[in-house]
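Beneath this line is the structure, given in structure tokens, with notes to follow.
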Amino acid sequence: MKTTIRALTAATALVALFQALPAAADDSDPVYNNDFRVGLYSVFYHTSGDDLQGPYVPAGVNFKADNLETLYVGYVRSLPANLQVEVALGYPPLSKVEGKGLATVGSVPYNGQVVSSARWLSPTVLLEYVFLSPDSKLRPFIGAGVNYTSFYDRNQTAAGDAATGGPTKVSLSSSVGPAGTVGATYKFTSHWHLNMSYSITRVNSHVELDTAGVLRTTEIKFGPQALVVSGGYSF
Amino acid sequence: MSKSPRSLGYIRTLSVVLSAALLAACGDSSPTSTVSNSTSPGTLAVDPPLRIASLSASALASELSASASGAQLLEVTGAPTCGVDFYYIKFWTQGGAKETTESSGALMVPTGGAGCSGARPIVLYAHGTNANQALNIANITDTTNTEGVLIAAMFAAQGYIVVAPNYAGYDISTLGYHPFLNASQQSGEMMDILTAARTALPGTLSSATSDSGKLFITGYSEGGHVAMATERAMLAAKATVTAAAPMSGPYALEAFGDAIFYGDVDIGSTEFAPLLVNSYQHAYSNVYSAPTDVFSTTYAATAATQLPSTTPIDTLFEEGLLPELALFDSATPVVDIPGETALSAALTAQLAVPTINPANPQTAIFALGFGSPYLVTNDYRISYAVDAATNPDGAVPTPTAGVPLAAKAPTQGLRLDLYTNDMRTGWAPTVPTLLCGGDADPTVFFSVNTGTMKAYWSTLVTAGLVQILDVGETPTSTAGFGPIQGAFLTSQAELLAYYQTSAGGGLSLAAATAAVVENYHTNVAPFCALAARSFFDTVLLGS
């Protein structure tokens, strides 16, 4: 809820900004094919995964990712026939992972504890169909594409170390998965516009925890859904 | 619609940004433990070690109370007063022939308030014979790890740091055999894990607990021998030993071996013999030229190398890979040594299946060790017995003054190896030492081992420094170890009654009695461990 309110606040602020800009769009405005966008990426995870497997792991040790917000940067290239290609990128956010399942592992608190963090590089390439004519102020779009996600700066917290039994090397395999999006663009001027979109991406990763040479693994489906509010500049 | 040629430039720029970000994605993870490059004995191989589990005192009590056996153990140990962190130590040591090998074990660290953290004494513990090659005494999550649970509840949960090896040949060790009852190797390995554990402790998640420098050594059965050998080795090295409590161990190995080869076969002998032969053959290369020298053709192909095994020993019995009881041939040998008519006749009589004497319940156990198919050949038995008869041990078959080892080194390979690893080496404890056992032990005979050491040390040790406790003896006092003796005898009576209930199998009195005898050696363990803890507590108070 907090994230949604922030996204809507950002959208309101962007609308106010664009309304303050001169020269509203009209039929005589030129149409540009390149478009840079900057905005707010609100990511909602719908994590599901197998319980952690491996030596000395009790049944019921699982994880979930905390929702987060980060900077959205996108490039959109218009194509013929109302098509466009979007390359969407977020500033790699620090994603926190909480323990889920058992209240304690042995006597170590687990459920709800932030056990690890990682940064994501998660570019998505989308082919989108844009409805209505290029002259329209409001143009909805729908798209599908491919996401690549890579994780880095993977760190386990002290609470995570306590649960796994010591300092732990965290490995997450990179993910390639489909992505889908729906959204709309509202044009203020021939150059400036406001965009909102909601996208769903499949990000699955093989997770391996190495604690003192003892390996524990699981498969996590992060299931991120993202609300993007951005301002764009066409040229 | 304009198409700016500059757009390609922007795409290129974006590609560069993307590539840079992808390179950034190569950033590494938080590190895990460091793996040592050194393989010197005593080196901690993985630092810090893995903490397998962390249990508070209440969680440990709860876990134990959840099973009948755990609840019974708690009645002996008392309720935990400390939490326990269980660490899995990997360290470098040497095998029986000085081979470099990695081994593993447990570091159990008490946690909590006063008496559980800060500077705490260490109990260095040696476990009993275990046929399971995958044994990991640190793995408290393994319900078959009963000895790990025992030492956790008895010592760690009462404020002692516990260090215990799995032994070379077990768990991660790639040695390929276990140096069973090899005093030099096993005492060396005990000192190696102690060094490694002391290195590890400050870097663990339980660093609020530290080593006080007080060291107590104990162990059960095989581990009783290991504990005594370690006490001897550490005292010889002038290392600090605060006190020791070897329990139910085969200390007087030559005497014990002679008793068995003469016909007093113990329960468990068909498990111990392959381990012993394999160990000494690797260390000394003098037990056999070919396995058929020792083992009958039924078992020779596998017996020499199959223990410890990842296959349960009961399965080995069921599949006919080892005899369950028959150490020796029930068709006992006729000894015919040219020119030695009297000796031949005496040995022929000595090697016969023991006559069951109702006045001595153990004679029925001895007789169980004879059958067919059998493990050890008659020829090998004769070669051993001839050596024993011509160069007799001072304790078996007839005790002589001072119960010394054989007057000169035996010539028969296995007997020489037992002689080499016997604890009667002119050495006696110089720190408080308790030898605990049960006088009716059918697995490691009490009188031949503990009794022999008591007699051997009687003139060598400072009065009062060594105490002997027979938990099977009727207590004569409510003080000292009297309550422990009383509790053991009560537990035996309760067990006898339990085996006759439907929950206990509904056995007849005779079968229930046999079951009690069969489990006697195991059942002594918690009571002797309680005596050891009580002994250590007393020594601590006085130090």
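The values are calculated or read from the model by the stated rules, or taken from the named source; none is laboratory data. All of these numbers come straight from a predicted model, not from anything done at the bench. We place every Cβ from the backbone using ideal geometry, glycine too, and count neighbours over all the protein chains shown. Only protein heavy atoms, including side chains, enter the accessible area calculation; ligands, DNA and RNA are left aside. Shrake-Rupley method; radii C 1.70, N 1.55, O 1.52, S 1.80 Å.
The figures follow:
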{"quantity": "For A:Glu86, solvent-accessible area (1.4 Å; no DNA, RNA or ligand), Å²", "calculated": "10"}
{"quantity": "Accessible surface of A:Phe131 - all protein chains present, 1.4 Å probe, nearest 10 Å²", "calculated": "90"}
{"quantity": "Computed over segment B:427-486: relative contact order in percent, which uses C-alpha pairs under 8 Å that are six or more apart", "calculated": "40"}
{"quantity": "Ranked order, B:His225, B:His282 - accessible area, probe 1.4 Å, largest first", "calculated": "B:His282, B:His225"}
{"quantity": "Point-charge dipole on Cβ atoms (K/R +1, D/E -1) for segment A:51-180, about Cα centre, debye to 20", "calculated": "80"}
{"quantity": "Along each principal axis, Cα extent of segment B:150-261, largest first, Å", "calculated": "52, 32, 30"}
{"quantity": "Share, in percent, of DSSP beta bridges within chain B that are antiparallel, nearest 5", "calculated": "50"}
{"quantity": "For the protein assembly as shown, accessible area per residue (1.4 Å probe, heavy atoms of protein chains only), Å²", "calculated": "40"}
{"quantity": "Part-to-part distance (alpha-carbon centres) for segment A:182-235 and segment B:437-502, which is given in Å", "calculated": "71"}
{"quantity": "Folded to 0 to 90 degrees: helix A:2-20 orientation relative to chain A principal axis, Cα", "calculated": "20"}
{"quantity": "Listed residues B:Ile356, B:Ile89, B:Ile382 arranged by accessible area, highest first, probe 1.4 Å", "calculated": "B:Ile356, B:Ile382, B:Ile89"}
{"quantity": "Highest-MSF residue in chain A out of A:Ser117, A:Ser205, A:Ser107 [GNM, Cα springs under 10 Å]", "calculated": "A:Ser107"}
{"quantity": "Top of A:Pro109, A:Pro140, A:Pro224 by mean-square fluctuation, Gaussian network on chain A, Cα under 10 Å", "calculated": "A:Pro109"}
{"quantity": "For the protein assembly as shown, size of Cβ-based charge dipole, Lys and Arg +1, Asp and Glu -1, in debye", "calculated": "3460"}
{"quantity": "Fraction of beta bridges assigned by DSSP in segment A:50-154 that are antiparallel (%, nearest 5)", "calculated": "95"}
{"quantity": "With all protein chains modelled, accessible area of B:Asp537 [1.4 Å, Å²]", "calculated": "60"}
{"quantity": "Full-extension gain in nm, B:Leu343 to B:Lys238, via 0.36 nm per residue minus C-alpha separation", "calculated": "33.2 nm"}
{"quantity": "Interface B:A - total buried accessible surface [probe 1.4 Å, Å², rounded to 100]", "calculated": "3000"}
{"quantity": "Average partner coverage of A:153-160, which counts Cβ from other chains inside 10 Å", "calculated": "3"}
{"quantity": "Taking the C-alpha atoms of the protein assembly as shown, convex hull volume expressed per residue in Å³", "calculated": "196"}
{"quantity": "Within chain B, longest stretch clear of exposed trypsin sites (Lys or Arg not before Pro) (DSSP loop, no more than 12 other Cβ within 10 Å)", "calculated": "B:239-407"}
{"quantity": "Test item: Cα-centred dipole of chain A, Lys/Arg +1 and Asp/Glu -1 on Cβ, debye", "calculated": "240"}
{"quantity": "Reciprocal mean inverse distance between Cα atoms of segment B:270-408 - Kirkwood radius, Å", "calculated": "16.5"}
{"quantity": "Residues of segment A:210-224 buried by at least 40 Å² on assembly (accessible area, 1.4 Å probe, chain alone as reference)", "calculated": "A:Ala212"}
{"quantity": "Selection from A:Gly180, B:Pro410, B:Gly219 lying farthest towards where the dipole of the protein assembly as shown points positive, charges on Cβ", "calculated": "A:Gly180"}
{"quantity": "Pairs of lysines in segment A:42-172 (C-alpha under 28 Å apart; 8 or more residues apart or interchain)", "calculated": "5"}
{"quantity": "Per-selection Rg to Rh, chain B - Cα, Kirkwood hydrodynamic radius", "calculated": "1.08"}
{"quantity": "Given charges at Cβ of Lys, Arg, Asp, Glu: chain B dipole, positive-most of B:Ala388, B:Ala200, B:Phe295", "calculated": "B:Ala200"}
{"quantity": "Helix-only mean residue ellipticity at 222 nm for the protein assembly as shown, each DSSP H run of n ≥ 4 adding -39500 (n - 2.57), per residue, nearest 500", "calculated": "-9500 deg cm²/dmol"}
{"quantity": "Choice from A:Thr211, A:Thr124, A:Thr168 showing the highest fluctuation, given a GNM over chain A with Cα pairs closer than 10 Å", "calculated": "A:Thr211"}
{"quantity": "Fraction of antiparallel bridges per DSSP, the protein assembly as shown only, in percent to nearest 5", "calculated": "85"}
{"quantity": "Kyte-Doolittle mean at least -0.5 and Cα axial length at least 30 Å: DSSP H helices in chain B", "calculated": "B:520-542"}
